[in-house]
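**Q** Have a look at the structure that comes next, please.
Each value in this text was obtained by applying a stated rule to the coordinates, not by laboratory testing. Computed from a prediction, not measured in an experiment: that's the story for all the values here. All Cβ positions, even for glycine, are placed from backbone atoms using ideal geometry, and neighbour counts span all protein chains on display.
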Amino acid sequence: MQTPDALVRASALVTPAVDAAVRQLDPSLHAPIRHHLAGGGKYVRAGLACLGAAAAGGREVDGVPGAVAVELVHNYSLLHDDIIDGDRERRHLPTVWARFGEGVAIVAGDALAALAMQVLLETPTPARVDAARRLANANQAMIAGQAADMAFEARARVTVDECLAMERGKTGALLSAACAIGAVLGGGDAAVALALGAYGEHLGIAFQAIDDVLGVWGEPSVTGKPVGADLFARKKTLPVAVALQAGGDAARELESILSSTPTASLVARATVLMEESGARDTVTAIAERHLRAALHALDDTDLVAGPKEELVAVARYVTARDR
């Protein structure tokens, strides 16, 4: 699918602002951070912040400080996630830890997290303070989701509900905050921020469900990650949780594979078992259900028509992606 115009506009607005913010950091961090950012990105969170401002009755540019802050938090989490997961490649480039070392990647991530708050609170208006509070809360929820994700690796089984709760924090919280922060910075009231936050949370779960499918069945040349990367890491993603919860001999075999040392042949067998269990179709249906809930949330309050239509387009885009 063609990238929605809203995300193209957000990239044009936010990229130079992110670059300007990064220039405030210690020069020793410029190279690793710019290397990480050079891989690009879809600017979904930035686009949602800008659209949230416009949908609330403001201008897209009103949402830029929030968009920058959310992008900085998102990218700090990616720097740390790559270390946790041992991923050596992201967006077809070496990850920061693989190229510059783990210590540099950790400190670079810490710097981006702190910088996000500095960007929002540089001018501490009531709206920006509210936005900072929302971002801090989302960051804590995201960290809790990451902690749960890591804890799941040591467990033999995880229920679908537990997996969804983890993904609500790990992915849904930041997308929800992006939308609500945009609404706040655009002058929207509490009802608008609540509705847009609900849209973002459901969209985040749908987004992560599709990401989980790509993590098992995606094409490496398109996704930029090795095939079966999540299975090699013994991650209990939604397809795994669905297949295990289905029970039977296939679930027991899959559980045995995931508790052993992963090899290419075992990962291939696990992929077959999940396919036969219907996990791919089930997870896709979960994504579609949350997409519908996200779109329904947009009808819960009065929004500016044009930006509302673009929020619909962005939601359909991120749930129909292949990378």
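**Q** Just to be sure I understand the model, the point goes 7 Å from the Cα along the line to the Cβ. What's the resulting residue 125 to residue 275 distance in nm?
**A** Each label point is offset 7 Å from its Cα along the Cβ direction, giving 5.4 nm.
**Q** How far is helix 102-121 tilted off the main Cα axis of the chain, in degrees rounded to 10, range 0 to 90?
**A** It is inclined by approximately 30 degrees.
**Q** Running a GNM on the chain with Cα contacts under 10 Å, which residue among 69, 147, 193 ends up with the highest mean-square fluctuation?
**A** 147
**Q** Right, here's the next one. Given the -39500 (n - 2.57) contribution per DSSP H run of 4+ residues, what per-residue ellipticity at 222 nm results for the chain, rounded to the nearest 500 deg cm²/dmol?
**A** -23500 deg cm²/dmol
**Q** Taking the Cα atoms only, what angle lies between the long axis of helix 305-318 and the longest principal axis of the chain, rounded to 10 degrees?
**A** It is inclined by approximately 20 degrees.
**Q** Among 103, 241, 12, which residue has its Cα positioned farthest towards the positive end of the charge dipole of the chain, with +1 placed on the Cβ of Lys and Arg, -1 on the Cβ of Asp and Glu, and the dipole taken about the Cα centre?
**A** Checked the options; the winner is 103.
**Q** Right, something else. Can you figure out the FRET efficiency of residue 312 with residue 2, using R₀ = 22 Å and their beta-carbon distance, to the nearest 0.05?
**A** With a Förster radius of 22 Å, E is 0.90.
**Q** Shape call for the stretch 224-292 from the C-alpha gyration tensor, a ≥ b ≥ c root eigenvalues: rounded (a/c under 1.5), prolate (a/b greater than b/c) or oblate?
**A** Oblate is the answer for the stretch 224-292, as a/c is 1.5 or above yet b/c matches or exceeds a/b.
**Q** On to the next question. Using the Cβ atoms and a cut-off under 14 Å, what net charge is assigned to the surroundings of residue 192, where Lys and Arg are +1 and Asp and Glu are -1?
**A** Computed value for this residue: -4.
**Q** Excluding residue 116 itself, what net charge comes from residues whose Cβ is under 14 Å from its Cβ, given Lys and Arg +1 and Asp and Glu -1?
**A** Taking every Cβ under 14 Å from that of residue 116, the sum is +1.
**Q** So what J values fall out for the stretch 252-259 if you push phi through Karplus, 6.51 cos²θ - 1.76 cosθ + 1.60 with θ = phi - 60°, rounded to Hz, Gly and Pro as x?
**A** 5, 5, 4, 4, 5, 5, 5, 8
**Q** Further question on the same structure: Shape of the stretch 13-160 from its Cα gyration tensor (a ≥ b ≥ c, root eigenvalues): rounded if a/c is under 1.5, otherwise prolate when a/b > b/c, or oblate?
**A** Oblate shape, in that a/c is at least 1.5 and b/c is the bigger or equal ratio.
**Q** How big is the dipole moment of the stretch 11-124 about its Cα centre under a simple scheme where the beta carbon of each Lys and Arg is +1, that of each Asp and Glu is -1, and everything else is neutral? Debye, nearest 20, please.
**A** 280
**Q** Under 12 Å from the Cβ of residue 276, count the other residues' Cβ atoms, weight Lys and Arg +1, Asp and Glu -1, and hand me the total.
**A** -2
**Q** Can you give the charge dipole size of the chain about its Cα centre, rounded to the nearest 20 debye, using +1 on the beta carbon of Lys and Arg and -1 on the beta carbon of Asp and Glu?
**A** That gives the chain a dipole magnitude of about 380 debye.
**Q** Once both labels are modelled 7 Å past Cα along the beta-carbon direction, what's the residue 191-residue 264 spacing in nm?
**A** Result: 5.9 nm between the two label points.
**Q** Can you work out ³J(HN,Hα) from phi for every residue in the stretch 25-36, in order, using Karplus 6.51 cos²θ - 1.76 cosθ + 1.60 and θ = phi - 60°, giving whole Hz and x for Gly and Pro?
**A** The phi angles translate into 7, 4, x, 5, 9, 4, 4, x, 5, 5, 4, 4 Hz.
**Q** Another question, then. Rule-of-thumb check for the chain: C-alpha Rg over 2.2 N^0.38 Å?
**A** Cα-based Rg divided by the globular estimate yields 0.98.
**Q** Choose one answer from 41, 197, 182: the residue with the largest mean-square fluctuation in a GNM of the chain with alpha-carbon springs under 10 Å.
**A** For the chain, modelled as a Gaussian network with Cα springs under 10 Å, the answer is 41.
**Q** Say we join alpha carbon atoms closer than 10 Å with springs in a Gaussian network model of the chain; which of 24, 146, 118 then has the biggest fluctuation?
**A** 24
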